[in-house]
Amino acid sequence: MQKRWVLKPKNNSDKVERLKAELGVNDIVANLLVSRQIETFDQAKQFFRPSLEHLHNPFLMKDMDIAISRIEKAIGNKEKILIYGDYDVDGTTAVSVVYSFFRAFHSGIEFYIPDRYAEGYGISTQGIDYAAAKGFSLVIALDCGIKAIDKIEYANSKGIDFIIGDHHLPGDSIPKAVAVLDPKRPDCNYPYKELSGCGIGFKIIQAFILKNNMNMEVAYQYLDLVAVSIASDIVPITGENRTLTYFGLKKLNNNPCIGLKALIDLSSQKSKNFSVNDIVFQIGPRINAAGRIEHAKDAVHLLLSKSEEEAKNYSSAVDDQNNQRKDLDLTITKEALQIIESSHQNLSRKSTVLYKADWHKGVIGIVASRLTEKYYRPTVILTRTNGHIAGSARSVLGFDLYEALSECSDLLEQFGGHKYAAGLTMREENITLFQERFEAVVQRTIKPEMLQQEVSIDLEIQLQDIDAKLFRILKQFEPFGPQNEAPIFMTTNVRVLGTPYVVGNNHLKLCITQHNSPSFDCIAFGLAEHFDHIAMQKPFDICYTIEENNWRGKKNLQLNIKAIRY
């Protein structure tokens, strides 16, 4: 599918010129900074030179003082504390960080991760009953709970206090917990709103250390886990998250905790410095696989490992689960593709809704993502689990999936999520009705351009603008991630030098020039379809990122081509 090229609007020229003068940088760098709302010398200094001193005071978060007082009371009275978290990477890292910190000086502490299949997402009745039966009087819930109104009432009726540490959008009311920590609640004035669930856990530790005059270095030992949560949960890498990720990656690459070191040793990237992207594709899926295939407590045990032998055993189990996940993922994706390809009606739809009773619930979200990427349209994958139909939905850029599901709510038992991803359940007899209703809603509301994947281009530049100095500055824009993506440039009327060739699975290698510019080696993943045109020496346009290729110790600049057009 050809991508739609979208060049970002031009920045305010006065802001660009002022920043060029203040920083002594060229037009390209100044434009990239202004696009990221970096418009002054001080903002640029903080962006290029992150400091842990830039982290906000955790007591600026509403209810943080109440939460810390309640934790101190529990420790002083030797109450039993349960650390409760979601079963994904963000939840398991959050539990690992908070549990690890408090168990150092409080023995009456355990952790609890709900079972994805028996309990589902968030705070469960089963989890509350477990806490009551085992005598826990305080539960700290992480990465979940902001909408658990009824569950918190149930816990209150059993005499169990809850501290909620969440980062999701609240509903119309806030649960009646002892303390509710969530920067997104309307009455919270915390300066940064996009922390991960593990980031909230880190702020709890930071607050406890401040209150008790401890050494803040104790908190910083967890930054590798915080960085893993930020990368894996796809939260913006801006502001405070950028600082946490910057220093978290340093720790991950230089002195990771034993559990993460074991995962790095299993990865194909172990010989190089890990980036946000490497976490997303190498570490995150392995941690997630535990909750998808068996139980996420295995991931927590891994991250809490005290010895290399213990970490090796848990990492081996998690890696096996990830391999099972990959096999299931490939099998189900292949079956789903066959269903779509076998029917002209399915191919011509504006949405995809597929159901098979024996598809594994733990991977249907991944399959939905793959099908969305392949056909680029809103997608829902359904399976049967525990006597009902469960589904995972994914959307395309600009289309509000949550609103579309709301228009089908009378056919659903329940649903939740956000604009681009959601979960849902329904009765089996409603599947066909849902397929038709959802398709009708999508057909009526989706704009044609939303059905074509777009590539967002930062700037148009000339090949002669690219040199080692520019690359050194671009490196300082890292870590890259949501809302701070690696800059994508466009250059027009380039020509191939020599003969391009196809490598691997449908990838192009080529060397290009523009006018009398220096030549640049390029890699174009998945774009071998363009071979014939390029080989004819005809001019073409490219959009690309600039990277460094290291081959046998020799480093050179390389363009990673994202799209080609004539």
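Brief remarks on what is shown
- A crude spin-label estimate for the pair E310 and D327, with each label 7 Å from Cα along the Cβ direction, gives 3.0 nm.
- Dipole axis of the chain (+1 Lys, Arg; -1 Asp, Glu on Cβ), positive-most option in S343, I473, L181: I473
- Cross-link reach is defined here as a Cα-Cα straight distance under 19 Å, omitting same-chain residues fewer than 8 places apart; for K469 the aspartates and glutamates meeting it are E22, D27, D458, E460, E478, D521, E547, E548.
- Spin-label model, K419 to Q453: label points 7 Å out along the Cα-to-beta-carbon direction sit 2.0 nm apart.
- Helices in the chain, meaning DSSP H runs of at least 4 residues, each add -39500 (n - 2.57). Divided by all residues, the mean residue ellipticity at 222 nm is -12500 deg cm²/dmol.
- For segment 1-122, the Kirkwood radius over C-alpha pairs fed into Stokes-Einstein at 4 °C and 1.567 mPa s yields D = 67 µm² per second.
- Cα-centre dipole for the chain with unit charges at Cβ (Lys and Arg positive, Asp and Glu negative), debye to 20: 880 debye
- Cβ-Cβ FRET estimate between Y501 and N77, R0 fixed at 56 Å, reported to 0.05: 0.20
- Segment 63-131 and segment 220-267 have Cα centres lying 21 Å from one another.
- For segment 455-565, the relative contact order is 25 percent, taking Cα pairs closer than 8 Å that sit 6 or more residues apart in sequence and dividing their mean separation by the residue count.
- If the segment from I431 to E460 were pulled out straight at 0.36 nm per residue, it would be longer than the present Cα-Cα gap by 5.7 nm.
- Placing unit charges on the Cβ atoms only, positive for Lys and Arg and negative for Asp and Glu, gives segment 248-312 a dipole magnitude near 220 debye about its Cα centre.
- The lysine pair tally for segment 1-89, using Cα distances under 20 Å and a gap of 8 or more places or different chains, is 5.
- 21 Å Cα cut-off, lysine pairs counted over segment 343-451 (separation 8 or more, or different chains): 8
- Total lysine pairs under 16 Å (Cα atoms) in segment 163-313, excluding pairs fewer than 8 apart on one chain: 17
- Relative contact order, percent, the chain [alpha-carbon distance under 8 Å, six or more residues apart]: 11 percent
- Were the residues from W5 through N26 laid out at 0.36 nm apart, the gain over their Cα-Cα distance would be 5.1 nm.
- The antiparallel fraction among DSSP beta bridges confined to the chain stands at about 60%.
- Expressed as a whole percent, the proportion of Cα-Cα pairs in segment 58-317 lying more than 30 Å apart is 21%.
- Contour excess over end-to-end distance, with Cα ends at K555 and F105 and 0.36 nm allotted per residue: 157.1 nm
- Cα gyration tensor shape of segment 455-565, rounded if a/c is under 1.5, else prolate or oblate by comparing a/b with b/c: rounded
- The fewest-to-most ranking of Y375, Y222 by surrounding Cβ atoms within 10 Å reads Y375, Y222.
- With each label modelled as a point 7 angstrom along the Cα→C-beta vector, the D541-K475 pair spans 3.2 nm.
- Restricting segment 77-141 to chymotrypsin sites (Phe, Trp or Tyr not before Pro) that sit in a DSSP loop and have at most 12 other Cβ atoms within 10 Å of their own Cβ leaves F105.
- Whole-angstrom Cα spans of segment 258-318 along principal axes, big to small: 28, 25, 14
- Globularity index of segment 343-451, i.e. its alpha-carbon radius of gyration over 2.2 N^0.38 Å: 0.96
- Neighbour cut-off at most 15 other Cβ (10 Å), DSSP loop, trypsin sites (Lys or Arg not before Pro), segment 472-566: R552
- Charge-dipole axis of segment 455-565 as Lys and Arg at +1 and Asp and Glu at -1 on Cβ define it, positive-most pick from P500, N484, L559: P500
Values in this text are rule-based calculations from the coordinates and carry no lab data. Not measured: the values here are computed from a predicted model. Note that we place each Cβ from the backbone using ideal geometry, even for glycine, and neighbour counts take in every protein chain shown.
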